[in-house]
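Novice: Right, I'll just put the structure down here and ask away after.
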Amino acid sequence: MIALDRSEYLSLGTPDWSSGLAIPEQRTIYVDEKDPLLIRRVIPHEITHIILHNYLGFDHYTIHWINEGLSIYEEMRIWTGQDKVVITMENYKPLPIEDLILMKPYIFSSKDTIVVYYQQSASLVSFLINEYGMDRFRDFLKALKTRTLENALKEVYGIQSISELERRWKAYLKRATPTPIR
Ligand SMILES: [Zn+2]
């Protein structure tokens, strides 16, 4: 569904902090035709949501950070023209990962939390992809079809717990240089 402008986009019931919305069950995305970032960012992002949802066959709030993180990762690849992108927490204060995982999307407490949720989700996905490779990340997505998040992390990455994920990610951030964006 391509709205003619921002006000028509918002009249569709989309969140006022969003630039696009995917309804995977209906294979539908809502976008604003006049958005200057429509082609470079919004469409790659929303299409990734649809593809991932169709691949996994389900959606659950505990894996929403993976869904959002991968959509931002793909969006950033198109936007920057880079094959790999490094997304860090420069200028953001991370949430405890346990909290991030349990956070239900679309009922965030504040706009600041939304921004951190998106940034941190993207940073975690970029960590998993850059540190261990895209093939392992594909294995991870495959494992999520039939395993819990914790078991998929254990089997594919040898990461024994969410706190170990947090430790490894934070160690990675110390030596990571973010991909520049204009
Ligand atoms: Zn999204």
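The values are calculated or read from the model by the stated rules, or taken from the named source; none is laboratory data. These numbers were taken from a predicted model, which means no experiment stands behind them. Reconstructed Cβ throughout: ideal geometry from the backbone, glycine too, with neighbour counts over all protein chains shown.
Novice: Here are some residues: GLU68, GLU25. Which one is in a helix (DSSP H, G or I), surrounded by fewer than 17 Cβ atoms within 10 Å (Cβ to Cβ) and acidic (Asp, Glu)?
Specialist: Working: GLU68 fails: surrounded by fewer than 17 Cβ atoms within 10 Å (Cβ to Cβ).
Only one candidate passes the filter, namely GLU25.
Novice: In region 142-160, which residues are surrounded by 12 or more Cβ atoms within 10 Å (Cβ to Cβ) and out of contact with any Phe, Trp or Tyr (no Cβ under 7 Å at 6 or more places or on another chain)?
Specialist: Taking region 142-160 and keeping what is surrounded by 12 or more Cβ atoms within 10 Å (Cβ to Cβ), we get 142-144, 147-157, 159.
Listed by number, the residues that qualify are LYS142, ALA143, LEU144, ARG147, THR148, LEU149, GLU150, ASN151, LEU153, LYS154, GLU155, ILE159.
Novice: Of all residues in region 153-182 being in a helix (DSSP H, G or I) and among the hydroxyl-bearing types (Ser, Thr, Tyr), which is nearest to GLU90 (Cα to Cα)? Step through it out loud before you land on a result.
Specialist: Just the residues of region 153-182 that are in a helix (DSSP H, G or I), to begin with: 153-157, 162-175.
Of the ones still in play, those that are also among the hydroxyl-bearing types (Ser, Thr, Tyr) are 157, 163, 172.
Numbers: TYR157: 25, SER163: 21, TYR172: 13 Å.
Among those that are in a helix (DSSP H, G or I) and among the hydroxyl-bearing types (Ser, Thr, Tyr), it is TYR172.
Novice: Next question, about the same structure. Please enumerate the residues belonging to region 88-107 that are in a loop (DSSP other than H, G, I, E, B) and either at pLDDT 90 or above or crowded, with 17+ Cβ neighbours inside 10 Å (or both). Steps first, answer last, please.
Specialist: Within region 88-107, the first condition is being in a loop (DSSP other than H, G, I, E, B), and the residues that meet it are 88-96, 103-107.
Hits for region 88-107 are THR88, MET89, GLU90, ASN91, TYR92, LYS93, PRO94, LEU95, PRO96, MET103.
Novice: If I filter region 110-132 for residues that are in a loop (DSSP other than H, G, I, E, B) and either under 23 Å from ARG175 (Cα atoms) or not small (Gly, Ala, Ser) (or both), do I get at least one hit? Don't jump to the end; show me each part of the working.
Specialist: Going through region 110-132, the residues in a loop (DSSP other than H, G, I, E, B) turn out to be 110.
Now narrow it down to the ones that are either under 23 Å from ARG175 (Cα atoms) or not small (Gly, Ala, Ser) (or both): none.
No, every residue in region 110-132 fails to be in a loop (DSSP other than H, G, I, E, B) and either under 23 Å from ARG175 (Cα atoms) or not small (Gly, Ala, Ser) (or both).
Novice: On the given criteria, is TYR117 out of contact with any Ser or Thr (no Cβ under 8 Å at 6 or more places or on another chain), in contact (Cβ under 8 Å) with a residue 40 or more places away in the chain and not hydrophobic (A, V, I, L, M, F, W, C)? Can you show your working first?
Specialist: On the way: out of contact with any Ser or Thr (no Cβ under 8 Å at 6 or more places or on another chain): yes; in contact (Cβ under 8 Å) with a residue 40 or more places away in the chain: yes; not hydrophobic (A, V, I, L, M, F, W, C): yes.
Yes, satisfied.
Novice: Would you be able to tell me the number of residues in region 76-87 that are more than 14 Å from ILE129 (Cβ to Cβ) and either within 15 Å of the chain's Cα centre (by Cα) or surrounded by 13 or more Cβ atoms within 10 Å (Cβ to Cβ) (or both)?
Specialist: Residues of region 76-87 that are more than 14 Å from ILE129 (Cβ to Cβ), as a first pass: 78-81.
Subset that is either within 15 Å of the chain's Cα centre (by Cα) or surrounded by 13 or more Cβ atoms within 10 Å (Cβ to Cβ) (or both): 78-80.
So the count comes out to 3.
Novice: Among the listed residues ILE23, ILE39, ILE66, identify the single one that is within 15 Å of the ligand (Cβ to nearest atom) and free of Cβ contacts under 8 Å to residues at least 40 places away in the same chain.
Specialist: ILE23
Novice: Here is a list of conditions, (1) in a helix (DSSP H, G or I); (2) away from the ligand (no atom under 13 Å from the Cβ); (3) farther than 25 Å from TYR172 by Cβ; (4) touching a helix residue (DSSP H, G or I) at 6+ places or on another chain (Cβ under 7 Å), and HIS53 meets all of them except one; can you say which number that is?
Specialist: (2)
Novice: Here's a check for you: in region 117-144, which residue that is in contact with a helix residue (DSSP H, G or I) (Cβ under 9 Å, 6 or more places away or on another chain) and of a type in the set (Lys, Arg) is nearest to the ligand (Cβ to nearest atom)? So that I can check it myself, show each step before the final result.
Specialist: Just the residues of region 117-144 that are in contact with a helix residue (DSSP H, G or I) (Cβ under 9 Å, 6 or more places away or on another chain), to begin with: 117-132, 136-137, 139-144.
Next, only the ones that are of a type in the set (Lys, Arg) stay: 136, 142.
Details: ARG136: 23, LYS142: 21 Å.
The qualifying residue nearest to the ligand (Cβ to nearest atom) is LYS142.
Novice: Considering only region 22-60, state which residues are over 17 Å from MET76 (Cα atoms), touching a Gly at 6+ places or on another chain (Cβ under 9 Å) and among the aliphatic types (A, V, I, L, M).
Specialist: Passing the criteria: ILE29, VAL31.
Novice: Given ASP83, ASP59, which one is among the acidic types (Asp, Glu), in a loop (DSSP other than H, G, I, E, B) and within 16 Å of the ligand (Cβ to nearest atom)?
Specialist: Working: ASP83 fails: within 16 Å of the ligand (Cβ to nearest atom).
Among ASP83, ASP59, only ASP59 is among the acidic types (Asp, Glu), in a loop (DSSP other than H, G, I, E, B) and within 16 Å of the ligand (Cβ to nearest atom).
Novice: Could I ask something else about it? Identify the single condition in (1) charged (D, E, K, R); (2) more than 11 Å from the ligand (Cβ to nearest atom); (3) part of a helix (DSSP H, G or I) that LYS34 does not satisfy, given that it satisfies every other one.
Specialist: With (1) charged (D, E, K, R); (2) more than 11 Å from the ligand (Cβ to nearest atom); (3) part of a helix (DSSP H, G or I) applied to LYS34, the lone miss is (3).
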